[in-house]
Structure formats: C-alpha cells, structure tokens
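Q: My structure is below; once you've seen it, I'll send some questions.
The values are calculated or read from the model by the stated rules, or taken from the named source; none is laboratory data. Predicted model, so just to flag it, every value in this text is computed and none were measured. Because the Cβ atoms are built from the backbone with ideal geometry, glycine has one as well, and the counts that use them run over all protein chains shown. Heads up: the accessible areas ignore ligands, DNA and RNA and are worked out on the full protein's heavy atoms, side chains in. Shrake-Rupley method; radii C 1.70, N 1.55, O 1.52, S 1.80 Å.
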Amino acid sequence: MEREWFFCLIPLTIGTVFLCFGVYGLRRAKALRRSGVSARARIVRHDVVRNDDGARFRYPVAAWTAGDGRTCEYASRFGRAAVGNGFGVGAHVMVRYDPQAPDRFAIEGWDTRSVDLLFTALGAVFTVGTVTVLVVRLLTL
C-alpha cells in the first residue's frame, strides 16, 4: 500500500467521530422522549464560555425539583452566541430529564435535534464516501 492511502484515514476518522457523536445525541434524545419525565424549570443563570477566537457562548442553567424531591441544577449541553427572550435568566421553561440521572436532560425549545442530525449526516457522508473511494481503489489495482 502506498503512502497516499494513509491520507484516507483522516476523513474516515473524522466521519466516524462525527457519526458516533450524532448517533449518540439522537439516541439520547429518543431515550428522553420515551422514558424521560417533564418538569417546570427556571433559568437561573448562563454559563459563559469563550472559545480560542474570543467568541462567547452562553449555556443556560436550568433548575427544577425532581419527582423524588431532589433539587437539580444543570447547564445545557448546547451553547449559543445569543439567548432568545424565552431563555433569559428567570424565564420558566420545560425540561425533560432522566429520573435515574437528572444531569441527562433537555430544555424544550433550546436543545434541538438539528445539531445531532447535522453531525450524523456529515459523519455518514465522510465515512461512506471514504469507504467507497477505498473500495474503488482496491478493485482497480
């Protein structure tokens, strides 16, 4: 095998990682829809994180009381540059959480499936495309 073949590992690895991340997110969302519990929560603050370029992302932190009386307060797994009117500090929102692990939750209207779908689609394209190129190259040798 020539050295050029090793360059196929780059898109294959990226595709596999994207595909795994997207499928994990979609499965997590499906599990929350199926067996999660809804609760009324309040946005208590926004965790602000800066990336290397200086852009700031805000992660809303929701607080609610679980069905067993535990107080839960967790940040969303998705951050955005701007916060809409319905997700400001003090806003009341609905969350769907896993009763066994309340840190696995989604804020309705904030945590969307579009990011997971995008990662799944990109991962599938990279993975299938790279595997197709490798198979064609192997068959034409």
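Q: In the chain, with Lys and Arg counted as +1 and Asp and Glu as -1 at Cβ, which of these residues, 84, 127, 16, has the Cα nearest the positive end of the dipole, that is, farthest along it?
A: Projecting each Cα onto the dipole axis, the largest value belongs to 84.
Q: Ok, one more. Leaving out ligands and nucleic acids, and using a 1.4 Å probe, what accessible area per residue does the range 14-61 come to in Å²?
A: On the way: 3170 Å² over 48 residues.
Ligands and nucleic acids excluded, the figure is 66 Å² per residue.
Q: Related question: Calculated from the structure, Kirkwood radius over Cα pairs in Å equals which of (i) 17.4; (ii) 14.5; (iii) 15.2?
A: Correct label is (i).
Q: Still on this structure, I have one more. Accessible area, 1.4 Å probe, largest first: how do 8, 20, 72 sort?
A: Working: 8 30, 20 85, 72 5 Å².
So the residues, ranked largest to smallest area, are 20, 8, 72.
Q: Tell me which trypsin sites (Lys or Arg not before Pro) from the range 24-115 have a DSSP coil assignment and no more than 13 other beta carbons within 10 Å of their own. Please list the in-between numbers first.
A: Numbers: sites: 27, 28, 30, 33, 34, 40, 42, 45, 50, 56, 58, 70, 77, 80, 96, 104, 113; in loops: 70, 77, 104, 113.
Within the range 24-115, the qualifying trypsin sites (Lys or Arg not before Pro) (loop, at most 13 other Cβ atoms within 10 Å) are 70.
Q: For the range 14-73, with all protein chains present and a 1.4 Å probe, just round the carbon and sulfur fraction of the accessible area to a whole percent.
A: Working: 1980 of 3840 Å².
About 52 percent, which is the carbon plus sulfur part of the accessible surface.
Q: Additional query: Whose amide H sits under 5 Å from the amide H of residue 94, counting only residues 5 or more places off or on another chain, with H placed in the peptide plane?
A: For residue 94, whose amide H was placed from the backbone, the distant partners under 5 Å are 41, 108.
Q: Test of understanding: in a Gaussian network model of the chain with alpha carbons linked when under 10 Å, which of 31, 62, 75 would top the mean-square fluctuation ranking?
A: 31
Q: Another question, if that's okay. Compute the acute angle (0 to 90°) between the alpha-carbon long axis of helix 114-139 and the principal axis of greatest extent of the alpha-carbon atoms of the chain; round to the nearest 10°.
A: 10
Q: If you plug each phi of the range 73-82 into the Karplus form 6.51 cos²θ - 1.76 cosθ + 1.60 with θ = phi - 60°, what whole-Hz ³J(HN,Hα) values come out, in order, with x for Gly and Pro?
A: Karplus-based 3J(HN,Hα) across the range 73-82 equals 8, 9, 8, 5, 7, 10, x, 9, 6, 10 Hz.
Q: Here's a follow-up. With an 8 Å Cα cut-off and a minimum separation of 6 or more residues, compute the relative contact order for the chain in percent.
A: Details: 221 pairs, mean separation 47.0, N = 141.
Reported relative contact order: 33 percent.
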